[in-house]
Amino acid sequence: MANIFDLFKQISSGSEETKGNIEYIVAGLGNPGAEYAKTRHNAGFMAIDYISGRCNARLDRAKFSALVGEASIAGKRVLLMKPQTFMNSSGEAVGAAAKFYKIAPENIIVISDDISLDVGRVRVRRKGSHGGQNGLRSIEQHLGSQDYQRIKIGIGAKPHPDYDLASWVLSSFDAKDMQFVSECHPKVYEGLCKMLTGDTEAAMQICNGK
């Protein structure tokens, strides 16, 4: 049986009728598979699912080692992505899509979890370091730049300093925390719309407060 990533590569190598039309890439980070669906590390996937629902898009194509779909958001043609490479290799998918569509880092928006923020808090950043988040680290390596934009969704700090970090980010949200995360999605979408029109300052005002 062919490896799933070999199949991704075969599909991605085909012609793409809309090549050149994509203006932005919006990638939500997470881990593929039902066992990870409600875990803290999948906050980016959850946000992309909400965004795709808001704009009636479907992430139903396998390209660039990701599930992708095209959408029109705030008047911009956007490629929505959920990398299927697992979190630590997210840059493989984002980098491949950026190269194919010739998208500059400044026109890439990454949505990821952040343990430094309370659950459901949102923070927009124009650029910066990966801050220890391995998915962002991988994206930085593959783009060769820190200049991509990002929307961070808080998943809460470890319960105590000795708690294993991997175990924490791969733990599932309880019902209360899941509600907090779900309630932040409209703010994420509103901030994203501002970012797509080039008004990142307005996005920060929307998202970065309490």
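The values are calculated or read from the model by the stated rules, or taken from the named source; none is laboratory data. Everything quoted here is computed from the prediction, not taken from an experiment. So basically every Cβ, Gly included, is an ideal-geometry build from the backbone, and we count neighbours across all protein chains shown. Heavy atoms of the whole protein, side chains included, go into the accessibility calculation; ligands, DNA and RNA do not. Shrake-Rupley method; radii C 1.70, N 1.55, O 1.52, S 1.80 Å.
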Scan of the range 167-209 for residues that are under 15 Å from Lys38 (Cβ atoms), touching a residue at least 40 places away in the same chain (Cβ under 8 Å) and of a type in the set (Asp, Glu), ordered by number = Asp177
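For every residue, the table says whether it meets (1) within 19 Å of the chain's Cα centre (by Cα); (2) more than 12 Å from Val122 (Cβ to Cβ); (3) β-branched (Val, Ile, Thr).
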{"site": "His160", "(1), (2), (3)": "no, yes, no"}
{"site": "Leu170", "(1), (2), (3)": "yes, yes, no"}
{"site": "Gln179", "(1), (2), (3)": "no, yes, no"}
{"site": "Ser182", "(1), (2), (3)": "yes, yes, no"}
{"site": "His185", "(1), (2), (3)": "yes, no, no"}
{"site": "Leu192", "(1), (2), (3)": "yes, no, no"}
{"site": "Gly198", "(1), (2), (3)": "yes, yes, no"}
{"site": "Asn208", "(1), (2), (3)": "yes, no, no"}
Give me a count of the residues in the range 37-62 that are within 17 Å of Ala74 (Cα to Cα), small (Gly, Ala, Ser) and open to solvent by 30 Å² or more (accessible area, probe 1.4 Å).
-> 1
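Of everything in the range 83-96 that's part of a loop (DSSP other than H, G, I, E, B) and either among the hydroxyl-bearing types (Ser, Thr, Tyr) or out of contact with any Leu (no Cβ under 9 Å at 6 or more places or on another chain) (or both), which residue is least open to solvent (accessible area, probe 1.4 Å)? Even if it seems obvious, please write down each step before you answer.
Filtering the range 83-96 for residues part of a loop (DSSP other than H, G, I, E, B) gives 84-86.
From what is left, the residues that are either among the hydroxyl-bearing types (Ser, Thr, Tyr) or out of contact with any Leu (no Cβ under 9 Å at 6 or more places or on another chain) (or both) are 85-86.
Working: Thr85: 16, Phe86: 93 Å².
Per the criteria, the residue is Thr85.
In the set Glu106, Glu183, Glu201, Glu190, which member is acidic (Asp, Glu) and in contact with a helix residue (DSSP H, G or I) (Cβ under 7 Å, 6 or more places away or on another chain)?
Details: Glu106 fails: in contact with a helix residue (DSSP H, G or I) (Cβ under 7 Å, 6 or more places away or on another chain); Glu183 fails: in contact with a helix residue (DSSP H, G or I) (Cβ under 7 Å, 6 or more places away or on another chain); Glu201 fails: in contact with a helix residue (DSSP H, G or I) (Cβ under 7 Å, 6 or more places away or on another chain).
Testing whether each residue is acidic (Asp, Glu) and in contact with a helix residue (DSSP H, G or I) (Cβ under 7 Å, 6 or more places away or on another chain) leaves just Glu190.
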Go through (1) over 15 Å from Leu192 (Cβ atoms); (2) part of a strand (DSSP E or B); (3) open to solvent by 50 Å² or more (accessible area, probe 1.4 Å); (4) out of contact with any Lys or Arg (no Cβ under 6 Å at 6 or more places or on another chain) and name the single condition Arg77 misses.
-> (1)
What are the pairs, 6+ residues apart or on separate chains, where a residue within the range 129-154 that is free of Cβ contacts under 8 Å to residues at least 12 places away in the same chain and under 21 Å from Ile206 (Cα atoms) has its Cβ under 8 Å from a residue that is open to solvent by 40 Å² or more (accessible area, probe 1.4 Å) and not hydroxyl-bearing (Ser, Thr, Tyr)?
-> none
Give the residues of the range 81-120 that are over 24 Å from Phe180 (Cβ atoms) and among the hydrophobic types (A, V, I, L, M, F, W, C), sorted by residue number.
-> Met81, Phe86, Ala93, Val94, Ala96, Ala97, Ala98, Phe100, Ile103, Ala104, Ile108
